[in-house]
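Heads up, the thing below is written out as structure tokens.
The values are calculated or read from the model by the stated rules, or taken from the named source; none is laboratory data. Computed from a prediction, not measured in an experiment: that's the story for all the values here. Neighbour counts are summed over all protein chains in view; Cβ atoms, including those assigned to glycine, are modelled from backbone coordinates with ideal geometry. Protein only, heavy atoms only, side chains kept; ligands, DNA and RNA dropped before computing areas. Shrake-Rupley method; radii C 1.70, N 1.55, O 1.52, S 1.80 Å.
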Amino acid sequence: MRVLVVNCGSSSIKYQFLDMETEQVLCKGLAERIGIPGSRIVHKKDDQKTVVEKPMKDHEDALKYVLELVVDEKVGGVKDLSEIDAVGHRVVHGGEKFSGSVLIDDEVMRALEEYSYLAPLHNPPNIMGIKAMMKLLPGVPNVAVFDTAFHSKMPAKAYLYAIPYEYYKKYKIRRYGFHGTSHRYVSKRTAEILGLDYHKSKIITVHLGNGASVAAVLNGHSIDTSMGFTPLEGLVMGTRSGDIDPSIVTFLMEKEGLTAEEVYTILNKKSGVLGLTDGFSSDMRDIEDKALEGDPVCRLALDIYEYRIAKYIGAYIAAMNGVDAIAFTAGVGENSPITRKEICENYLSFLGIKIDDEKNNIKGEERIITTPDSKVKVLLVPTNEELMIARDTKEIIEKGLKQLEY
């Protein structure tokens, strides 16, 4: 089976085309600046890179050009569109309705539209991508894989907020959590690397990108995670504040004469390490470099960033009553030896964690980074959300075919 994985943002589309017999990536790419001047697609097959610059007025337009590249004789993965067996879509929010990946039909589409109010920035472009693929590849099955699904079995004590219960009943205000596909892949892979029974394990996954979250994975299920009703809660991120006292919102509105939308923009787009460094950078590479040069502002931002991560790890060790392994992943988690080392040595040495400096001095490669006598294992596990989406898509299509046989 060959699966096209599609991840639609508001003005971009990431895609991968995989042969699921071998799980080999046949080609992949990024369409960007959709609907605005300068739109282009950067497409890769093996080591060959192709850049296509042409106007793309909407997601359907962009996906049409993506499909042309996928079947291109020189840079594509197959010769004909009929060789695409299924399409897997990343969908950010599945609300309470979807606890796993699903084959998309009219009922699913109605539910996705219904839950768009919970993710107004993310679900609408996800839906646009689904509709475009259904039009461009009629008859090819589409599968939705939800960011929220892995966290859907959290207990009520972890997902309910201490606000009037009527708001949960009326608006479904609760913790949903995000990055679920990444946390699921990384926790599962961690168990495989260590030879643990995934369904009898205690694993903490630390997804550190520009957006960041931690998850407590007990016996193969996420029982708590740092992002909440939206991806704003939790860790200090590139431009997001993470946890703050909610009274700060009304205080700023009163003192600065701000609207709710303006405060929302401040907390989502102007805060995090960007805000802590007074607008210097939202990129942890820049902040680490300056911190190592002795810049006190960037050093403090890095300290705050690492301290918040360590607090969540500590809380989740308590929530699971122990921990077998901690796995770092995503852009910062995979590529920052200093962040991994400082979090573990400054805050988690009481667990008997011992970082092996030589093993930790690596970027983007799967590896145990603790010494053999470390009581808790710490790992670097590169995430692979696209592969997880493709695997789910294959499983659901094959399950559907078996049911048809009966």
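For the structure I just gave you, tell me whether Leu302 is within 25 Å of the chain's Cα centre (by Cα) and either modelled with pLDDT under 95 or open to solvent by less than 30 Å² (accessible area, probe 1.4 Å) (or both).
On the way: within 25 Å of the chain's Cα centre (by Cα): yes; either modelled with pLDDT under 95 or open to solvent by less than 30 Å² (accessible area, probe 1.4 Å) (or both): yes.
Spelling it out, Leu302 is indeed within 25 Å of the chain's Cα centre (by Cα) and either modelled with pLDDT under 95 or open to solvent by less than 30 Å² (accessible area, probe 1.4 Å) (or both).
Which condition from (1) more than 26 Å from the chain's Cα centre (by Cα); (2) closer than 30 Å to Gly352 by Cβ is the one that Ile317 breaks?
(1)
Given the conditions (1) open to solvent by less than 10 Å² (accessible area, probe 1.4 Å); (2) free of Cβ contacts under 8 Å to residues at least 60 places away in the same chain; (3) within 21 Å of the chain's Cα centre (by Cα), which single one is not true for Ser116?
Condition (1) is where Ser116 drops out.
Report whether or not Glu96 is over 21 Å from the mean Cα position of the chain (by Cα), modelled with pLDDT under 90 and not basic (Lys, Arg).
On the way: over 21 Å from the mean Cα position of the chain (by Cα): no; modelled with pLDDT under 90: yes; not basic (Lys, Arg): yes.
When the stated conditions are applied, Glu96 does not pass them.
Could you check how many residues of segment 26-45 are farther than 21 Å from Leu136 by Cβ and open to solvent by less than 60 Å² (accessible area, probe 1.4 Å)?
1
Evaluate segment 80-92: report whether one residue or more is among the hydrophobic types (A, V, I, L, M, F, W, C), buried (at least 16 other Cβ atoms within 10 Å of the Cβ), modelled with pLDDT of 90 or more and more than 17 Å from Leu63 (Cβ to Cβ). Spell out the reasoning first.
The first filter runs over segment 80-92 and keeps only residues among the hydrophobic types (A, V, I, L, M, F, W, C), leaving 81, 84, 86-87, 91-92.
Imposing the further condition that a residue be buried (at least 16 other Cβ atoms within 10 Å of the Cβ) reduces the set to 84, 86-87, 91-92.
Within this subset, residues satisfying the condition of being modelled with pLDDT of 90 or more are 84, 86-87, 91.
Those left that are additionally more than 17 Å from Leu63 (Cβ to Cβ): none.
No, every residue in segment 80-92 fails to be among the hydrophobic types (A, V, I, L, M, F, W, C), buried (at least 16 other Cβ atoms within 10 Å of the Cβ), modelled with pLDDT of 90 or more and more than 17 Å from Leu63 (Cβ to Cβ).
I need the strands (runs of 3 or more DSSP E) fully contained in segment 1-76, keeping only those with at least 2 residues that are assigned by the TED database to the domain that holds Ala132, more than 29 Å from Ser116 (Cβ to Cβ) and among the β-branched types (Val, Ile, Thr). Lay out the reasoning, then the answer.
Working: elements: 2-8, 12-19, 24-32, 40-45, 48-53.
Passing ranges, in order: 48-53.
Name the residue that is modelled with the lowest pLDDT, counting only residues in segment 240-267 that are of a type in the set (Ser, Thr, Tyr) and either open to solvent by less than 90 Å² (accessible area, probe 1.4 Å) or not assigned by the TED database to the domain that holds Gly209 (or both). Steps first, answer last, please.
Initial filter on segment 240-267 (of a type in the set (Ser, Thr, Tyr)): 241, 247, 250, 259, 264-265.
Those still in the list that are either open to solvent by less than 90 Å² (accessible area, probe 1.4 Å) or not assigned by the TED database to the domain that holds Gly209 (or both) too: 241, 247, 250, 259, 265.
Numbers: Ser241: 96, Ser247: 97, Thr250: 96, Thr259: 95, Thr265: 92.
So, considering only residues that are of a type in the set (Ser, Thr, Tyr) and either open to solvent by less than 90 Å² (accessible area, probe 1.4 Å) or not assigned by the TED database to the domain that holds Gly209 (or both), the one modelled with the lowest pLDDT is Thr265.
For segment 185-196, state whether one or more residues are surrounded by fewer than 19 Cβ atoms within 10 Å (Cβ to Cβ) and aromatic (Phe, Trp, Tyr).
no
So, in segment 153-181, of the ones that are in contact (Cβ under 8 Å) with a residue 24 or more places away in the chain and open to solvent by 40 Å² or more (accessible area, probe 1.4 Å), which residue ends up nearest to the chain's Cα centre (by Cα)? Break it down into steps so the answer makes sense when it comes.
Residues of segment 153-181 that are in contact (Cβ under 8 Å) with a residue 24 or more places away in the chain, as a first pass: 153-155, 158, 161, 172-181.
Add one more test, that the residue is open to solvent by 40 Å² or more (accessible area, probe 1.4 Å), and what stays is 153, 155, 161, 172-173.
Values: Lys153: 18, Pro155: 21, Tyr161: 23, Lys172: 22, Ile173: 21 Å.
Filtering segment 153-181 for residues that are in contact (Cβ under 8 Å) with a residue 24 or more places away in the chain and open to solvent by 40 Å² or more (accessible area, probe 1.4 Å), the one nearest to the chain's Cα centre (by Cα) comes out as Lys153.
Is it the case, given these coordinates, that Ile396 is under 21 Å from His183 (Cβ atoms) and open to solvent by 20 Å² or more (accessible area, probe 1.4 Å)?
Yes, satisfied.
If I ask for residues that are under 15 Å from the mean Cα position of the chain (by Cα), over 22 Å from Asp283 (Cβ atoms) and open to solvent by less than 10 Å² (accessible area, probe 1.4 Å), which ones from segment 217-239 would you list?
Ser222, Thr225, Gly228
Take the conditions touching a Lys or Arg at 6+ places or on another chain (Cβ under 8 Å) and either on the phi > 0 side of the Ramachandran plot or not assigned by the TED database to the domain that holds Ala319 (or both) and apply them to Leu118. Does it pass?
Numbers: touching a Lys or Arg at 6+ places or on another chain (Cβ under 8 Å): yes; either on the phi > 0 side of the Ramachandran plot or not assigned by the TED database to the domain that holds Ala319 (or both): yes.
It is true that Leu118 is touching a Lys or Arg at 6+ places or on another chain (Cβ under 8 Å) and either on the phi > 0 side of the Ramachandran plot or not assigned by the TED database to the domain that holds Ala319 (or both).
Does segment 280-293 contain at least one residue that is in a loop (DSSP other than H, G, I, E, B), touching a residue at least 24 places away in the same chain (Cβ under 8 Å) and surrounded by fewer than 19 Cβ atoms within 10 Å (Cβ to Cβ)? First the steps, then the outcome.
Of all residues in segment 280-293, those in a loop (DSSP other than H, G, I, E, B) come to 280-283, 293.
Cutting the leftovers down to touching a residue at least 24 places away in the same chain (Cβ under 8 Å) gives us 282-283.
From what is left, the residues that are surrounded by fewer than 19 Cβ atoms within 10 Å (Cβ to Cβ) are 283.
Looking through segment 280-293, at least one residue is in a loop (DSSP other than H, G, I, E, B), touching a residue at least 24 places away in the same chain (Cβ under 8 Å) and surrounded by fewer than 19 Cβ atoms within 10 Å (Cβ to Cβ).
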